[in-house]
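The structure appears right after this line, and notes come after that.
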Amino acid sequence: MDFTQLTYRHPKAVVFVFLAALLIAAAIFILKYFKEKDGVNPGDKKTLGYGAMWMVQDLKTYKTRKIKYYCLCVLGLVGIILSFAGSAILMGRPSFTKEITTGVKKRDIFLCLDVSYSLYGLNYDFVENLETVVQGLDGDRIGISIYNTSSVLYMPMTDDKEFAIEKLEELKEYFVNQKIYEEKYDSVSFYDMTDEEYDEYLTLSGWLDSFEAGTLVNNSEKGSSLIGEGLASCLYNFPSLDDDERTRVILMVTDNAQNAFGTPTVELDEAAGLCKKNGVTLFGVFPPIEEFNLLSSEYDYEKLKAEMKEAVESTGGAFYVVGSDFDTSSVIAKIQEHEAMQVDEITMTKVMDLPLDAFILLLVGILLVAVAKGGGI
């Protein structure tokens, strides 16, 4: 501990207690002096009375006890002195001044989700685990951008825990409904449905259409899963991107299976370059091969994984393949280990009490007096 100054808050109290101790000690010695003067002088054998009482002084037991008595007196005297010294210091309130530098660690995390139907399971797991992260927000902010053909700022950057949890619950419901639609209605003909099933289908389809209205703009012309455009849109959703007082991270979940009908405005490697240029670290999450559920068999799993890994690592981030030995909660834990920038430094001088040494001094003094008293003085 670096002390810039050790002082007493009540220095007059220290002087007062020491003076009081000296007066009390002087009074004790004066009273003892007059008491011995008026009493029998143990050094004068003639005053020891009748018989051979004076011979007691020559006994070994007497001499031993006399030495023990004087030792206990010294011990008691030291204990009294230490007690007075400890009390005096405590009365003066010893304290130290220390310069303390404080700051707030701030991290902005954007979850960038490819919401095409091939990823509903992985997306659901990430959103569920992200709720735990939100509960522990302290200076960090979280936002969510979703995309397919086009991008939607689903949840603006916020540190409002209640709002974030509410939006995450809505997003989980969306992925659940995606799963129901895929498993129950995707390969079923309308003509094979009962009236009740058809009504359920219309309700679910209408709900999904309303949710997806912003992510499928010009879908028939541009295609789907436009990865680079989704990442670039997410990047520019950061508030005050030119402000360098926050650590910015994008956690991107995608299978990198772009299905563009033409040349996208931004490709993945270009979007990663923009992230690097703006000081944003990209973390990529890729599905395991057993869950690589694509609409066409023309995609090469290893090639898409390598492309995304290269783009992610070019920003200084890390690339993860979620599988049986590495789940979404582990990925989020890794993201949180990413160093956060400390900003808003404030240096202040703080005065703090330092009573421990004086208290120990007082305690030792009391113990010595107790031992001396127990020994028979």
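What follows draws every value from the coordinates through simple rules; no lab data is involved. All of these numbers come straight from a predicted model, not from anything done at the bench. Don't worry about glycine lacking a Cβ; one is built from the backbone with ideal geometry, like all the others, and counts go over all protein chains shown.
Once you put a point 7 Å from the Cα of residue 70 and another 7 Å from the Cα of residue 334, both along the Cβ direction, what distance in nm separates them? For residue 70 paired with residue 334, the spin-label model returns 7.8 nm. Close amide H partners of residue 144, meaning residues 5 or more places away or on another chain with modelled amide H under 5 Å apart, are 111, 154, 155. Here the Karplus relation 6.51 cos²θ - 1.76 cosθ + 1.60, evaluated at θ = phi - 60°, turns the backbone of the range 269-278 into coupling constants of 5, 5, 5, 5, x, 5, 4, 4, 4, 9 Hz, with x for every Gly and Pro.
Panel note: the C-alpha atoms of the range 177-320, placed on their principal axes, show extents of 58, 34, 27 Å (largest first). For the range 170-245, GluC sites (Glu not before Pro) are listed when DSSP marks them as loop and at most 12 other Cβ atoms sit within 10 Å of their Cβ; the list is 245. Here the convex hull built on the C-alpha positions of the range 103-345 has a volume of 131 cubic angstrom per residue. In order along the range 171-176, the phi-based Karplus estimate (6.51 cos²θ - 1.76 cosθ + 1.60, θ = phi - 60°) of 3J(HN,Hα) comes to 5, 4, 4, 4, 5, 5 Hz; Gly and Pro are listed as x. Scanning residues 5 or more positions from residue 260 or on other chains, those with amide H under 5 Å from its amide H are 224, with H placed 1.01 Å from N in the peptide plane.
Charge dipole (Cα centre; +1 on Lys/Arg Cβ, -1 on Asp/Glu Cβ; no other charges) of the range 103-345 amounts to roughly 840 debye.
Here the Karplus relation 6.51 cos²θ - 1.76 cosθ + 1.60, evaluated at θ = phi - 60°, turns the backbone of the range 13-20 into coupling constants of 5, 4, 4, 4, 5, 5, 5, 4 Hz, with x for every Gly and Pro.
Legend: calculated FRET efficiency, residue 188 to residue 242, from the Cβ-Cβ distance at R0 = 56 Å, rounded to 0.05, equals 0.65. Between the beta carbons of residue 10 and residue 261, assuming R0 = 56 Å, the FRET efficiency works out to 0.10 to the nearest 0.05. The amide H of residue 108, built 1.01 Å from its N in the peptide plane, has 141, 247, 248, 249 as neighbours under 5 Å, considering only residues 5 or more places off or on other chains.
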